[in-house]
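What follows is one structure encoded as structure tokens, with my remarks underneath.
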Amino acid sequence: MVYTHILYDVSEHIATITINRPDKLNALNAGLLKEIQSAVTTGNMDDDVYGFILTGSGDKAFAAGADIAEFVNFNYEQAYDLSADGHAVMNSLENSAKPIVAAVKGFALGGGCELAMACHFRIAGKSARFGQPEINLGLVPGYGGTQRLVQLIGRTKALELLCSARMMGADEANDLGLINQLVDDEEVITASRSFLSGLFSKSPQAMAGIIDSVNACTDKHRDGFVTEIETFGKCFGSDDFKEGTSAFLEKRKAQFRK
Ligand code: COA
């Protein structure tokens, strides 16, 4: 796929996806979301990619939401499809077998907040502002915000933020457990790369199993405990299990990636 709205770059086993509409505060149009989905699929098929960073270009925004200009005249069917397609993109990030870190500076609002929440980890700079301001437009969030915000910070604060449209600063996001790390703005990418690289020495097969089992926790169609039991069983046939246990018994560091 030729990318128009994002940049895609692979270095040191990290695929960096950069939302590239800084003049529109990286507002997410439908084509852009499809490009993110395609980039995640591409990286998952690329043996040289071990994990992803998703970020926004410029200093002002990770993404200031879905592109309001794009949907302003939509009817029910078009809006339904926009939301359903957006959900599919968010799910593809959440279900990525390789870890994804959202590196957030500036506004992460509406769809931008939902995109960050669909990533496995969030590392934010002090300028980060998270929020779901859709209610100001007479809308509910459409890319999973009513669900993932509750899952990540709990119903009490989630309802408050969804109903008030209040933006929360980086400190509050950190206190509520929405983000994994809070750093200076200039360190957001370096900290995200270092965090991801730290995961690369771990078993990628087990990590994919952990991501899938954790996702099953909030999937109403699956029993998370059963998923964990099945995944645990499957580990016993894996190369990583052989390597991890052999390395332990031989008192050496496991080398999971050949
Ligand atoms: N969709 C479409 N365009 C957007 C956008 C969005 N969600 N958010 C920002 N933009 C555009 C603005 O229209 C403006 O474009 P223009 O220069 O062609 O007029 C440009 O990005 C800069 O935004 P601006 O509003 O001038 O910046 P600001 O610093 O004054 O305000 C925000 C920043 C984030 C507070 C403000 O842009 C905003 O409220 N955005 C919408 C947030 C939202 O409701 N998101 C949920 C959407 S469902």
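The values are calculated or read from the model by the stated rules, or taken from the named source; none is laboratory data. Predicted model, so just to flag it, every value in this text is computed and none were measured. Don't worry about glycine lacking a Cβ; one is built from the backbone with ideal geometry, like all the others, and counts go over all protein chains shown.
Observations
Per-residue answers, yes or no, for (1) within 16 Å of the ligand (Cβ to nearest atom); (2) in contact with a helix residue (DSSP H, G or I) (Cβ under 8 Å, 6 or more places away or on another chain); (3) farther than 30 Å from Pro204 by Cβ:
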| site | (1), (2), (3) |
| --- | --- |
| Asn29 | yes, yes, yes |
| Val49 | no, yes, no |
| Gly58 | yes, yes, yes |
| Tyr76 | no, no, yes |
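- The residue that is surrounded by the most Cβ atoms within 10 Å (Cβ to Cβ), among those in the range 124-146 that are of a type in the set (D, E, K, R) and under 16 Å from Phe62 (Cβ atoms), is Arg129.
- For Lys60, the criteria (1) surrounded by fewer than 19 Cβ atoms within 10 Å (Cβ to Cβ); (2) more than 23 Å from Pro141 (Cβ to Cβ); (3) in contact with a strand residue (DSSP E or B) (Cβ under 9 Å, 6 or more places away or on another chain) hold in every case but one, which is (2).
- Residue match in the range 147-161 (condition: crowded, with 18+ Cβ neighbours inside 10 Å, within 14 Å of the ligand (Cβ to nearest atom) and modelled with pLDDT of 95 or more): yes
- Residue within the range 96-106 that is in contact with a His (Cβ under 6 Å, 6 or more places away or on another chain) and assigned by TED's automatic domain parsing to the domain that holds Val10 present: yes
- From Ala64, Ala39, residue being among the small types (Gly, Ala, Ser) and out of contact with any helix residue (DSSP H, G or I) (no Cβ under 9 Å at 6 or more places or on another chain): Ala39
- Look at (1) out of contact with any Leu (no Cβ under 8 Å at 6 or more places or on another chain); (2) more than 12 Å from the ligand (Cβ to nearest atom); (3) of a type in the set (A, V, I, L, M) and you find that Val89 fails only one, number (1).
- Number of residues in the range 92-135 that are within 12 Å of the ligand (Cβ to nearest atom) and among the aliphatic types (A, V, I, L, M): the value is 4.
- Exclusive hit being surrounded by fewer than 17 Cβ atoms within 10 Å (Cβ to Cβ) and either closer than 23 Å to Phe52 by Cα or under 22 Å from the mean Cα position of the chain (by Cα) (or both), set Thr218, Thr245: Thr218
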